[in-house]
Amino acid sequence: MVAFKNDKHMHDALIHNLEGMLYCCLYDQDWTMVFVSNGCKELTGYAPEDLLHNQYISYEAVTFAEDRVMVRDTIQNALTEGNRYEVEYRINHADGSVIWVLERGNPIYNNAGMVIALEGYIQNIAKRKGIEQSLLAAELKYRSIFENTLEGIFQTTADGHYLIVNQSLAHMYGYSSPDELIHAFNSIQEQLYVKPGRREEFVQLLKENESVEKFESLVYRKDKSTIWISENARVVNDESGNILYYEGTVENITARKNYEEKLEYQAMHDSLTGLPNRNMLNDRLQLCINFANRYKNKMAVAFLDLDQFKLINDSMGHEVGDQLLVIMAKRLSSAVREIDTVVRLGGDEFVIVLTNIDDTNDIFMSMQRILEAVAVPLTINNMDYLVTCSIGVSIYPDDGLDANLLLRNADTAMYKAKKAGRNNFQIYTQALNAALTERVTLEYNLRQAIELEEFILHYQPKVDFATGKVCGAEALIRWQPEGQDLISPLKFINIAEETGLIETIGEWVLATACYKAKALQQKTGLHVPIAVNVSPRQFRQSNLANTIKKILAVTQLDPSYLELEITENTLIDDSSKFIETLHSLKKLGVKLAIDDFGTGYSSLAYLKDFPIDRLKIDKVFVSSIEEDPTNKAILKAIVVLGQSLGIEVIAEGVETQYQYDYLKSIGCDQLQGYYYSKPLPEQQFEQFLLTQPNSPTPQ
């Protein structure tokens, strides 16, 4: 009996100490409890006696209202099938909270086999439900990301079959759904990548690094169009380290790639003509050099400059100039082979790279085609133009072994083509290079000469035929580098003109000559007019008249003692501007002379409008009158022309008695030349004036 009591005590203790609630209830509308364990309090918040026989509340009322039908249906279905029941639902805790519970139970039958009661166990599963709901929320979240992200997401087998893809990847590749994409691919290697072996590179990187970042490839879409993609992927292994699959993301970078290609194209091509530009030139040259080395043949570089472009661009405007350049670019491209390259360096300069040359005659023929193509007349805005070009050619490997040297030598040859009269091509030679080197050195030294004050003036007297007296002098520039021989202006004036240095040098000559003329007056009392040459570039300066006005003011020289000699060819550029400038200078009170008359523009229609004082006959007519009688007639005609227009005529380059006598006989007014005196240094010129019996009379 004691043992029984102890067993009953243990049984009761086990029931009432069990976490959760054991129960027995009637199978009625209220789930009327006839037994509940002490776990009732912790589970529901109600004491066991509150639920027994529905004394305070029924278990039906404790059950969450929205779950009651579901709970009863679940239990009833299980009982109908003769099974135990198990159901999860919510209950209302006494403290007002709602918690999830799991109920398991069995039916109790009467003797007639009818269910009269239920017995079972109810436990709190709120913690598990919370975890499940969190997992579900996370799953929904990541599934939403997987299905709705703009990036493609995939899992593939190591041998190149898709396992999972999202809608974005399917859409990116042109498929309507993930399933369609997965079923369409039998081999990613053969069906996706445009470049053969690209999948192998992808897999190899994964094997080496376990991951791949920004793996960019060109791939096919369903319709065989192509897009650029960037892949990030990693290897997923099992616990044993075996590869399960690859997973990663895909981004469509086609827009970025197109933009990069556009930028690269713009960086490598001229925006106006569409031709390759300077940036691409070196690459093309190096490729052609490598090709020539490999196949043991030649390549050539042609440096081309349009001859009349600057004049057209400046006079007709940049719009016409741009249209002309576009037309010339098309002509040049059409005049060469497809394997050759036409490059625009800038302005009106082009470079043509000719490759795969076995015979140098092919170069000559190509250059002739280009000259002819450029020289075809063209029409822009209903106006006709004729443009030619000058071309210099260097040949690999004869004229250089690297790109820079070939370009430099071609440029040198082009410069020679310009000097040869334009509209021609010249091939580079070593002698040409030596001449250019000398010119470059001379140009550098010329710039230094200005700073080092190495220029001096010599003066060549002018003589009046009628009186035999010195009636003036011409100031002639000389260059005297320290410790070196005197340099003739024939060697450096043209360079000064081309580089613009003539403007600075010319202003120095004007100022120095005026100072000398004034100094002679003050020192000797002799009033000697000084003539100064004004170069074409200097004459075109808009401020020339103001510059001379300031020099006269500073030196206090009477303007009538300054004579400006202007070459006739200056008129060619702009006749109206030429005449306007002459009048501006004449208003200053200076004397004006047309230098080298008879060798330049020689338009009598303009000559009558020139406010000039003298015509200076070029020495080319004077020097050969003994041998060429025709020149006598020309000289006489010029003298008569001058007399009829009231303009004095002076002959330069007079060296012999015969020339002197003839010029005097035809009524020429003045002479200048070695017959009377060579150009003299400043001090010698001064002494010459003082010792000559026919010097100008002191005033």
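Considering segment 104-131, and only residues there that are of a type in the set (D, E, K, R) and over 19 Å from I57 (Cα atoms), the residue that is farthest from the chain's Cα centre (by Cα) turns out to be R104.
Condition first: of a type outside the set (A, V, I, L, M, F, W, C), within 10 Å of the chain's Cα centre (by Cα) and part of a helix (DSSP H, G or I). Now tell me which residues in segment 254-278 satisfy that. Walk me through it before giving the result.
Keep residues of segment 254-278 that are of a type outside the set (A, V, I, L, M, F, W, C), which gives 254, 256-262, 264-266, 269-271, 273-274, 276-278.
Remaining after also requiring within 10 Å of the chain's Cα centre (by Cα): 264-266, 269-271, 277-278.
Across segment 254-278, the qualifying residues are E264, Y265, Q266, R278.
Restricting the first residue to segment 176-202 and requiring it to be part of a loop (DSSP other than H, G, I, E, B) and at pLDDT 90 or above, which pairs with a second residue that is exposed (fewer than 14 other Cβ atoms within 10 Å of the Cβ) and among the hydroxyl-bearing types (S, T, Y) meet a Cβ separation below 8 Å and a spacing of at least six or different chains? Cβ pairs passing all conditions: V194/T226.
Every residue, every condition in (1) part of a helix (DSSP H, G or I); (2) out of contact with any His (no Cβ under 8 Å at 6 or more places or on another chain); (3) closer than 14 Å to G472 by Cα, yes or no:
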{"position": "K632", "(1), (2), (3)": "yes, yes, no"}
{"position": "V640", "(1), (2), (3)": "yes, yes, no"}
{"position": "V649", "(1), (2), (3)": "no, yes, yes"}
{"position": "Y662", "(1), (2), (3)": "yes, yes, no"}
{"position": "S677", "(1), (2), (3)": "no, yes, yes"}
{"position": "Q683", "(1), (2), (3)": "yes, yes, no"}
{"position": "E686", "(1), (2), (3)": "yes, yes, yes"}
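Looking only at residues of segment 501-519 that are in contact with a helix residue (DSSP H, G or I) (Cβ under 7 Å, 6 or more places away or on another chain) and hydrophobic (A, V, I, L, M, F, W, C), we find that the one that is nearest to E682 (Cα to Cα) is A517. Taking the numbered list (1) touching a residue at least 40 places away in the same chain (Cβ under 8 Å); (2) surrounded by 14 or more Cβ atoms within 10 Å (Cβ to Cβ) in turn, V654 passes all entries but (1). Any idea which of (1) crowded, with 19+ Cβ neighbours inside 10 Å; (2) within 17 Å of R284 (Cβ to Cβ); (3) within 27 Å of the chain's Cα centre (by Cα) is the one I339 doesn't satisfy? Result: I339 passes all but (1).
Scanning segment 66-99 for residues that are surrounded by fewer than 17 Cβ atoms within 10 Å (Cβ to Cβ), closer than 13 Å to A126 by Cβ and hydrophobic (A, V, I, L, M, F, W, C) yields one hit, V98.
Here E497 clears all of (1) in a loop (DSSP other than H, G, I, E, B); (2) charged (D, E, K, R); (3) surrounded by fewer than 19 Cβ atoms within 10 Å (Cβ to Cβ); (4) free of Cβ contacts under 8 Å to residues at least 60 places away in the same chain except the condition numbered (1).
Quick check on G673: is it touching a Gly at 6+ places or on another chain (Cβ under 6 Å), small (G, A, S) and assigned by TED's automatic domain parsing to the domain that holds A513? I'd like the intermediate steps shown before the answer.
On the way: touching a Gly at 6+ places or on another chain (Cβ under 6 Å): yes; small (G, A, S): yes; assigned by TED's automatic domain parsing to the domain that holds A513: yes.
Criteria met by G673.
Restricting the first member to segment 16-31 and to residues that are of a type in the set (S, T, Y), and the second to residues that are modelled with pLDDT under 95 and assigned to a loop (DSSP other than H, G, I, E, B), the beta-carbon pairs closer than 8 Å and six or more apart or on different chains are Y23/S37.
Checked against the criterion of being of a type outside the set (S, T, Y) and modelled with pLDDT of 90 or more, segment 596-613 has at least one qualifying residue. Surrounded by 15 or more Cβ atoms within 10 Å (Cβ to Cβ), assigned to a strand (DSSP E or B) and not aromatic (F, W, Y): is that true of S217 in this structure? Yes, satisfied. For segment 224-263, a tally of residues being polar (S, T, N, Q) and over 13 Å from E151 (Cα atoms) returns 7. Residues in segment 42-51 that are free of Cβ contacts under 8 Å to residues at least 24 places away in the same chain and surrounded by 16 or more Cβ atoms within 10 Å (Cβ to Cβ) were compared, and the one that is nearest to A117 (Cα to Cα) is L51. Does L457 satisfy the criteria of being in a strand (DSSP E or B), within 18 Å of F539 (Cα to Cα) and of a type in the set (A, V, I, L, M, F, W, C)? So L457 fails the test. Scanning segment 371-417 for residues that are in contact with a Lys or Arg (Cβ under 8 Å, 6 or more places away or on another chain), outside any strand (DSSP E or B) and within 27 Å of N313 (Cα to Cα) yields A373, V374, V376, T388. Of all residues in segment 148-175, those satisfying the criterion of being in contact with a helix residue (DSSP H, G or I) (Cβ under 8 Å, 6 or more places away or on another chain) and part of a loop (DSSP other than H, G, I, E, B) are T149, L150, E151, A158, G160, H161, N166, Y173, Y175.
The condition of being crowded, with 18+ Cβ neighbours inside 10 Å and of a type outside the set (S, T, Y) holds for only one of A513, A553, that being A513.
Kindly provide the set of residues from segment 293-310 that are in contact (Cβ under 8 Å) with a residue 24 or more places away in the chain and either surrounded by fewer than 19 Cβ atoms within 10 Å (Cβ to Cβ) or closer than 18 Å to V376 by Cα (or both), ordered by number. Of everything in segment 293-310, those that are in contact (Cβ under 8 Å) with a residue 24 or more places away in the chain and either surrounded by fewer than 19 Cβ atoms within 10 Å (Cβ to Cβ) or closer than 18 Å to V376 by Cα (or both) turn out to be Y295, N297, L304, D305, L306, D307, Q308, F309, K310.
Could you go through segment 528-544 and let me know if any residue there is surrounded by 19 or more Cβ atoms within 10 Å (Cβ to Cβ), aliphatic (A, V, I, L, M), in contact with a helix residue (DSSP H, G or I) (Cβ under 8 Å, 6 or more places away or on another chain) and assigned to a loop (DSSP other than H, G, I, E, B). Yes, segment 528-544 contains at least one residue that is surrounded by 19 or more Cβ atoms within 10 Å (Cβ to Cβ), aliphatic (A, V, I, L, M), in contact with a helix residue (DSSP H, G or I) (Cβ under 8 Å, 6 or more places away or on another chain) and assigned to a loop (DSSP other than H, G, I, E, B). Is it the case that segment 652-662 has a residue that's modelled with pLDDT of 90 or more and at positive phi? So far as segment 652-662 goes, yes, one or more of its residues are modelled with pLDDT of 90 or more and at positive phi.
Residues considered: N445, N424. Of these, the only one that is assigned by TED's automatic domain parsing to the domain that holds I370 and modelled with pLDDT of 85 or more is N424.
The values are calculated or read from the model by the stated rules, or taken from the named source; none is laboratory data. The model shown is predicted, which means the values in this text are computed figures rather than measured ones. Don't worry about glycine lacking a Cβ; one is built from the backbone with ideal geometry, like all the others, and counts go over all protein chains shown.
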